[in-house]
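Enquirer: This is the structure I want to talk about, given as structure tokens.
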Amino acid sequence: MNPHFDFREKVRRSPATVGLLLLLLCSSFFALYNSNAAYSSDEVWSVKTAGLNYTAGVAALKLDVHPPLYFLILRVWLRLFGTGERVIRSLSGLFYILSVLAVYGLGRELYGKKAALLCTAIYLSSPLAILTAQFARMYSLLSLLSILSTWLYLQFLVKPRDSRLLFALYVAVNVLGTFTHIAFFFLLFGQVVFHFLFYRRTSAKRFVVSIVLSAVPYLFLWAPTVWRQIGNSSEGLAWVQKPALFSLAELLLLYGGAFWLLVPVLLYLWWRSGFESCREFSKLHTKSLPLWLLGITVLTPFLVSQCKPIFNSRLAIVGLHFFALAIGALIGRRVSYFLIIELIVLTAIGIVFVRLETSTCDNRAIATYISRTVSDGDAVIFTSLTRLPIDYYLERQSGTKKLLETSFPAEIDNHPGYEGRINDPERKPALEREAAELIDKISSMQLRERGGRIFFLRGRHPQIDSIVEASLRKRFELIPGEGLRCDESSPYFKEIIVFK
């Protein structure tokens, strides 16, 4: 060992390696910061489904609208490490950190080490990437497999290398991607279109074979289930709205985050270089590959959604790495390391100030409030998607009370991961009848249990909540001063009011 080892000299000689290590540390912080927040409804569904035995778990997944890979991985994960919020979300965080490494490798392959660091910094600081890293769902895994598929596509197609191993890895990654989320097929569609636009004479037969092999396992093993799910897809996707052009602008904000604050600095750098990077960008298809794939992969579901709404920001995670790589290609090798540091610092500041440590109206806090406030014989009426996550935490409270619990509309309890078409105006008469029947049921219970109270969670659909609330006000007395009001924004409800 050299007794005169100089760390500063090591940094000077290997700035890319040191930079990558620092970015990995930053990504670990972004993934773990406040990751112990209360579960959302989707996350509780993930945990509960993964906690079932294999037969029951697969049966539950067949009733869902997503493929099974993430849930099967999560099943192993929770058996090894438990069901704590930070532990469960750390699986998504691990996929996010691996994605950071993959973006760097892909960026280095395309543009060199220095530009690869910028691509990596843009990816790891993206609000969309950070949100999925702290979300116990399949989106972080979807992003990782999308990056690996793109990298392998580059390896054995755009830069032909006669390697059976690369061919097998490409097919294997694609198979895993198709069993992660239906959005992965849009990534494959983008590769197909790009390949036949620019490289139709390069490894055409091998490419067609690889795509066919990538789809065959899904078609045989999961497509029959998808066919049965089509009847429920209109209910499961009822929350997805037809996107407007504003949706693309919103997506760009989720993609870029703090990066957009640095655009004036980039414009200055481009001006100083005579916009040389922009001219270099248009010379080779390999440099414009991310931009082409970004456009095809994201715009295809956007256009499809004009007829059948399926487009949303979570789905668009498949295109995030294209955005990061396109920026790296556009800026070129003239990027400053100081610019990367600025981006990371701005992102860290945003995370610390935007993400509150504890919410007084998250599902865990509401479960604690109900557990401490209700008495045996009380009724709780849940709205929106509140029952599944609140019940999850209520089950972990000591001394659980005997309550009458129901969701309104009650059909939500049949598919607690999504609401369905409860906002359809044609369903209002049926909802009014259901509300009347619910109040009759509660009234008969109150006759048996004198002094019982009704806790009503006002949700995010006032037009629906008002139906049952109007019936409650006719038959029961509102108790002033009781209940709980949420001052901050809550994704599911605004306040709890109490009747007697």
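The values are calculated or read from the model by the stated rules, or taken from the named source; none is laboratory data. Model, not experiment: these values are computed from the prediction. Ideal geometry is used to build each Cβ from the backbone, glycine not excepted, and the neighbour counts take in all protein chains shown. Surface accessibility is based on the protein's heavy atoms, side chains included, excluding ligands, DNA and RNA. Shrake-Rupley method; radii C 1.70, N 1.55, O 1.52, S 1.80 Å.
Enquirer: From the residues in segment 449-476 that are loosely packed, with under 12 Cβ neighbours inside 10 Å and part of a loop (DSSP other than H, G, I, E, B), which one is modelled with the lowest pLDDT?
Expert: Taking the candidates together, the pick is Arg450.
Enquirer: When the residues of segment 410-445 are narrowed to those that are part of a helix (DSSP H, G or I) and of a type in the set (S, T, N, Q), which ends up farthest from the chain's Cα centre (by Cα)?
Expert: Per the stated criteria, the residue is Ser444.
Enquirer: Please enumerate the residues belonging to segment 79-93 that are more than 20 Å from Asn363 (Cα to Cα), open to solvent by less than 30 Å² (accessible area, probe 1.4 Å) and not polar (S, T, N, Q).
Expert: Result: Leu91, Gly93.
Enquirer: Against the conditions (1) open to solvent by 50 Å² or more (accessible area, probe 1.4 Å); (2) at pLDDT below 95; (3) farther than 25 Å from Phe302 by Cβ; (4) part of a helix (DSSP H, G or I), where does Phe196 fall short? Just the number, please.
Expert: In the conditions (1) open to solvent by 50 Å² or more (accessible area, probe 1.4 Å); (2) at pLDDT below 95; (3) farther than 25 Å from Phe302 by Cβ; (4) part of a helix (DSSP H, G or I), Phe196 misses (3) alone.
Enquirer: I would also like to ask the following. Can you name the residue in segment 352-364 that is assigned to a helix (DSSP H, G or I) and modelled with pLDDT under 85 and, of all such residues, is nearest to the chain's Cα centre (by Cα)?
Expert: Val354
Enquirer: Take the residues in segment 81-95 that are outside any helix (DSSP H, G or I) and without any contact (Cβ under 8 Å) to a residue 40 or more places away in the chain, then tell me which one is nearest to Asn34 (Cα to Cα).
Expert: Among residues in segment 81-95 that are outside any helix (DSSP H, G or I) and without any contact (Cβ under 8 Å) to a residue 40 or more places away in the chain, the one nearest to Asn34 (Cα to Cα) is Thr83.
Enquirer: Shifting gears a bit: (1) open to solvent by 20 Å² or more (accessible area, probe 1.4 Å); (2) at negative phi: which one isn't true of Ser203, the others all being true?
Expert: For Ser203, the exception is condition (2).
Enquirer: Could you identify the single residue in Ala56, Ala16, Ala50, Ala37 that is among the hydrophobic types (A, V, I, L, M, F, W, C) and modelled with pLDDT of 90 or more?
Expert: On inspection, the qualifying residue turns out to be Ala50.
Enquirer: Search segment 164-193 for residues being aliphatic (A, V, I, L, M) and free of Cβ contacts under 8 Å to residues at least 40 places away in the same chain, and hand back the single one that is most open to solvent (accessible area, probe 1.4 Å).
Expert: So, considering only residues that are aliphatic (A, V, I, L, M) and free of Cβ contacts under 8 Å to residues at least 40 places away in the same chain, the one most open to solvent (accessible area, probe 1.4 Å) is Leu165.
Enquirer: Which numbered condition trips up Lys402, out of (1) at pLDDT below 85; (2) buried (at least 21 other Cβ atoms within 10 Å of the Cβ)?
Expert: Of (1) at pLDDT below 85; (2) buried (at least 21 other Cβ atoms within 10 Å of the Cβ), only one is false for Lys402: (2).
Enquirer: Do any residues in segment 63-74 that are within 14 Å of Phe95 (Cβ to Cβ) and touching a residue at least 60 places away in the same chain (Cβ under 8 Å) have Cβ atoms under 7 Å from those of residues that are open to solvent by 30 Å² or more (accessible area, probe 1.4 Å) and assigned to a helix (DSSP H, G or I), where the two are at least six apart or on different chains, and which pairs are they?
Expert: Hits for this filter: Leu69/Leu176.
Enquirer: Continuing with this model, one more query. For segment 286-324, which positions are open to solvent by 40 Å² or more (accessible area, probe 1.4 Å), over 15 Å from Val193 (Cα atoms) and either among the acidic types (Asp, Glu) or in contact (Cβ under 8 Å) with a residue 60 or more places away in the chain (or both)?
Expert: Lys287, Gln306, Ser313, Arg314
Enquirer: A further question follows. Run down Ser407, Ser375, Ser371 and say which single residue is open to solvent by 50 Å² or more (accessible area, probe 1.4 Å) and not basic (Lys, Arg).
Expert: After applying the criteria, what remains is Ser375.
Enquirer: Thr132: open to solvent by 20 Å² or more (accessible area, probe 1.4 Å), within 30 Å of Arg364 (Cα to Cα) and of a type in the set (S, T, N, Q), yes or no?
Expert: Considered against the rule, which asks whether it is open to solvent by 20 Å² or more (accessible area, probe 1.4 Å), within 30 Å of Arg364 (Cα to Cα) and of a type in the set (S, T, N, Q), Thr132 comes out as no.
Enquirer: Sticking with this structure for a sec: List every residue pair whose Cβ atoms lie under 9 Å apart, where the two residues are 6 or more positions apart in sequence or sit on different chains, the first residue falls within segment 458-474 and is under 15 Å from Glu419 (Cβ atoms), and the second residue, located anywhere, is among the polar types (S, T, N, Q) and open to solvent by 60 Å² or more (accessible area, probe 1.4 Å).
Expert: Filtered contacts from segment 458-474: His461/Asn423; Gln463/Asn423; Ile464/Asn423.
Enquirer: Right, another one. Exactly one of (1) modelled with pLDDT under 80; (2) over 30 Å from Pro264 (Cα atoms) is unmet by Leu330. Its number?
Expert: Status for Leu330: all satisfied but (2).
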